[in-house]
Structures are given as structure tokens and as C-alpha cells.
Amino acid sequence: MAAPDISHRSVAANGISIHVAEAGPQGGPAVLFVHGFPELWYSWRRQMEHLAARGYRCVAPDLRGYGGTTAPPDPSSYTVFHIVGDLVALLDALRLPQVFVVGHDWGAIVAWNLCLLRPDRVRALVNLSVAFMPRNPSIKPIDYFRRAYGDDYYVCRFQEPGFEAGFASFNLKRFFKMALTVQTTGSSAMSLEKMQASNKEIALPSWLSEEDISYLASVYAKTGFAGGLNYYRCLDLNWELMAPWTGAKVQVPTKFIVGDGDLAYHHPGVKGYIHKGGLKRDVPLLEEVVVIKGAGHFIQQERAQEISDHIYDYIKKFNTDLSTLKLSKL
């Protein structure tokens with residue numbers, strides 16, 4: 001089967017210009033893919049090809065602050081309300097009243113919040129790597145991370161104004177090779193100093209090519225990293241703004257997938273929350289939890305075919321119009 005073409009355009013939505021990659025028939029059931037950090041729409045290329053070939057309309061934007069999408073300079077312009085607002089406005093611009101949503105990393109956080117705030121726009125959710133994180137009214141997120149991991153933890157370091165300038169002196173190809181293959185946890189994760197000091201030769205895994213690295217490096221060389229870091233800088237602001245949703249449930253049919261080698265899976269308390277009823281309590285329509293042995297954080301690239309199959313096998317259960325779509329073409 002020939003891989004469907006991926007097209008690109010910019011869409012005006014929510015006061016910004018959003019770069020969107022698209023594949024598949026315009027009339028097919030729509031799937032919205034939401035990427036994480038430090039990534040782009042490009043992380044979903046394999047899943048887009050897979051689902052487009054099966055009749056789905058695939059939509060993968062660069063999120064606010066990334067790639068070809070507008071990057072407002074003010075860090076406070078990156079709250080979950082801004083990002084969710086961008087996605088809802090994008091769906092409106094594309095005339096998509098309801099979509100399947102697939103998220104990963106920060107994209108998973110955005111997707112959880114999209115489902116929390118606008119469940120009417122989401123038919124079903126497949127989230128990867130980062131479980132739902134219910135708001136803890138007793139502690140702000142950055143205070144929690146400082147207590148758990150110390151001031152050197154990357155989330156804490158990202159709070160520093162101008163920290164993104166440190167990426168400018170980095171060989172970006174080497175950075176992405178290290179970032180996408182990192183296997184450390186705690187304060188060592190995403191430490192620019194340690195990454196720059198490392199002389200370790202990096203052999204690319206089979207799922208990551210020099211072409212992939214070059215694409216990411218070339219885009220980030222133009223945009224910088226401030227947009228992505230601003231998501232982290234809004235963690236405490238999100239905590240304040242989301243107070244009315246304390247204890248709210250995610251009321252969308254959901255499948256959650258994580259690799260057993262994923263850093264996010266090994267944060268304190270996460271495994272217990274996922275497997276001992278916490279996630280099901282907060283996401284009552286959770287239908288499946290899949291733990292993939294030997295897989296790391298960038299799972300949709302590392303295990304592209306497996307993840308594509310998992311997404312398709314789940315969302316096809318909800319399709320009432322795919323057969324009609326195919327029949328109408330005969």
C-alpha cells in the first residue's frame with residue numbers, strides 16, 4: 001500500500017497562525033494528533049500514514065510556540081486554556097465538530113485538558129506516556145518538583161528566564177540524538193550541562209534516522225526553544241486557573257499506552273496510580289491500559305507500527321460512518 005501524501009498549510013485560529021500537517025480523505029473520520037516536547041507534528045508521521053490509508057482524516061498541528069505556528073513572546077500566553085483554545089478553534093476552522101484525539105508527552109497533558117474542558121469535541125482519546133494528573137490543591141506543581149527532585153531538575157531549571165539561550169550553543173543534531181534516546185531519570189533527565197559535557201558516541205536506533213534528526217534540528221534552529229519551555233513555565237499558572245476543575249473527571253472513552261522504559265512511568269506514585277484504580281477513578285471511561293515491554297518515552301516513533309495498530313484497533317470501534325464513506329465511493 002502506497003503511503004498517503006502529507007500536505008501542509010497554515011490555518012488562522014484563536015488569533016494565531018497554526019501550521020497543520022494533514023493526510024487522508026477530507027470526508028473521513030478525523031483524528032487530531034497532539035505532539036509533545038521537544039517535538040513537532042513530525043512525530044506522528046507514521047501514524048498519519050497508517051490511519052490515512054484506512055480512511056481517516058489525520059490532522060497534526062505544530063502547537064503554539066512550535067515549528068511553523070505562531071510563538072507569542074509572553075510566557076503567560078501558553079496556559080492550557082490557550083492551547084486547548086487553539087485546538088478547539090482549529091477544529092472549528094476545519095469544520096470538524098468532533099474528532100478522535102491522540103496525544104503524547106505534553107500533547108497528552110493538553111489532550112487530557114481538552115477532554116476535561118470540551119468533552120463534546122472528543123469522540124475517543126488515545127493518550128501515550130503521560131497519565132492524567134489530577135490537580136492537587138495542597139501544593140503547586142513546581143514546589144512539588146523541587147521537593148521531589150531538587151532545583152536541578154529540568155522542569156525547575158526551565159523556569160529560569162532566558163534558559164532557552166543555553167540551547168543556542170548546543171549542536172542541535174547532537175541534542176536531539178541525546179534527547180530522543182535518553183534513558184535516565186530524575187535530575188539527570190534533560191540536563192543541558194550534562195548533555196553538553198558528554199563525549200559519548202550516540203548510535204541511532206533503527207527507528208530514528210539522520211534525516212529525522214536533521215529535520216528537527218533545522219526547524220528548531222529557526223524557532224528556538226522558548227515556545228516549548230513556556231509550557232513548563234505555565235505549570236503553576238495552570239494550577240491556579242484550573243482550581244474550579246479540582247476533582248473533575250475526564251468523561252471521554254479512553255485508551256492509555258505507556259512503555260515500561262518510559263521516564264514518565266517511573267515517577268514516584270505513577271505506576272500505582274495507573275494500575276491500582278486511581279486513573280480509572282479520574283477517567284471513568286478508561287477502557288484499556290497497555291504497557292509495552294522494552295519501549296521508552298518516544299513510543300510512537302520507537303514502536304511506530306505497534307502504536308499505529310493500537311490506535312486503529314481502538315478508534316475503529318467507534319466508527320459508524322467509515323463503512324458508509326467507503327460505500328459512497330463505490
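For Ser10 and Arg174, calculate 0.36 nm times their separation in residues minus their Cα-Cα distance, and state this gained length in nm to one decimal.
Working: separation 164, 0.36 × 164 = 59.04 nm, distance 2.96 nm.
Roughly 56.1 nm would be gained on extension.
What are the extents of the Cα atoms of region 254-303 along their three principal axes, in Å, largest first?
29, 22, 13 Å, listed from the longest principal axis down.
Taking a cut-off of 18 Å, what percent of all Cα-Cα pairs in region 1-80 are separated by more than that? Before the final figure, lay out each step's value.
On the way: 1317 of 3160 pairs.
Pairs farther apart than 18 Å: 42 percent.
Could you report the chain's accessible area per residue, 1.4 Å probe, as an integer in Å²? Could the numbers behind the result be given before it?
Working: 13920 Å² over 330 residues.
Accessible surface, normalised per residue, equals 42 Å².
Which log10 I(q)/I(0) values does region 27-176 give at q = 0.09 Å⁻¹ under the Debye formula, counting every alpha carbon as one identical point scatterer?
For the requested q values the scattering log ratios are -0.33.
When the gyration tensor of region 88-164 is built from Cα positions, what are the square roots of 5 times its three eigenvalues, in whole Å, from largest to smallest? Walk me through the numbers on the way to the answer.
Details: eigenvalues 185, 43, 25 Å².
In descending order, the three semi-axes are 30, 15, 11 Å.
With viscosity set to 1.002 mPa s and temperature to 20 °C, compute the Stokes-Einstein D of the chain, Rh being the Kirkwood radius across alpha carbon pairs; µm²/s, no decimals. Can you show the working numbers first?
Working: Rh = 20.2 Å.
Result for D is 106 µm²/s.
With a 1.4 Å probe and every protein chain kept in, tell me what percent of the accessible surface of the chain is carbon plus sulfur.
Values: 7410 of 13920 Å².
Carbon and sulfur atoms account for 53 percent of the accessible area of the chain.
What does the C-alpha gyration tensor say about the overall shape of region 212-279? Classify as rounded when a/c is under 1.5, otherwise prolate if a/b is larger than b/c, or oblate. Show your work: numbers first, answer last.
Values: a/c = 2.40, a/b = 1.42, b/c = 1.69.
In terms of gyration-tensor shape, oblate.
Dipole of the chain, Cα-centred, from +1 at each Lys and Arg C-beta and -1 at each Asp and Glu C-beta, to the nearest 20 debye?
Numbers: 34 positive and 32 negative charges, 135 e Å.
Dipole about the Cα centre, nearest 20: 640 debye.
Say each of Arg118 and Lys140 gets a label point 7 Å from the Cα, pointing the same way as Cα to Cβ; how far apart are those two points in nm?
So the two model labels end up 2.9 nm from each other.
So what is the calculated 222 nm ellipticity per residue for the chain, using -39500 (n - 2.57) for each DSSP H run with n of 4 or more, over all residues, to the nearest 500 deg cm²/dmol? Write down the numbers at each step before the final one.
Details: 15 runs with 126 residues, N = 330.
My calculation for the chain gives -10500 deg cm²/dmol from helical runs alone.
Can you tell me how much longer the chain between Ser209 and Ser17 gets when fully stretched, taken as 0.36 nm per residue apart minus their C-alpha distance, in nm with one decimal? Walk me through the numbers before you get to the answer.
Details: separation 192, 0.36 × 192 = 69.12 nm, distance 2.96 nm.
Full-extension gain reported as 66.2 nm.
Mind putting together the pair-distance distribution for region 163-265? All Cα pairs, 5 Å bins, whole percent per bin, short to long.
Histogram of Cα-Cα distances, whole percents per bin: 2, 9, 15, 17, 20, 15, 10, 8, 4, 1.
Determine the relative contact order of the chain: mean sequence separation of Cα pairs under 8 Å and six or more apart, normalised by residue count, in whole percent. Numbers along the way, then the final one.
Details: 552 pairs, mean separation 65.8, N = 330.
Value for the chain: 20 percent.
Just how large is the dipole of region 115-252 about the Cα centre, in debye to the nearest 20, putting +1 at every Lys and Arg Cβ and -1 at every Asp and Glu Cβ?
For region 115-252, the charge dipole is close to 340 debye.
Within region 228-317, list the trypsin sites (Lys or Arg not before Pro) lying in a DSSP loop whose Cβ has at most 11 other Cβ atoms in a 10 Å radius. The partial results should precede the final answer.
Numbers: sites: Arg233, Lys249, Lys255, Lys271, Lys276, Lys280, Arg281, Lys293, Arg303, Lys316, Lys317; in loops: Lys249, Lys276, Lys293, Arg303.
Of the trypsin sites (Lys or Arg not before Pro), the ones in loops of region 228-317 whose Cβ has at most 11 other Cβ atoms within 10 Å are Lys276, Lys293.
Take the Cα pairs of region 187-320, get the Kirkwood Rh, then feed it into Stokes-Einstein at 4 °C and 1.567 mPa s and tell me D in µm²/s. Working shown, then result.
Working: Rh = 18.3 Å.
Diffusion coefficient, whole number: 71 µm²/s.
The values are calculated or read from the model by the stated rules, or taken from the named source; none is laboratory data. As the structure is a computational prediction, the values presented were derived from the model and not from experiment. Here the Cβ is made from the backbone with ideal geometry for all residues, glycine too, and neighbour counts use every protein chain on show. Keep in mind that these areas ignore ligands, DNA and RNA; they rest on the heavy atoms of the full protein, side chains included. Shrake-Rupley method; radii C 1.70, N 1.55, O 1.52, S 1.80 Å.
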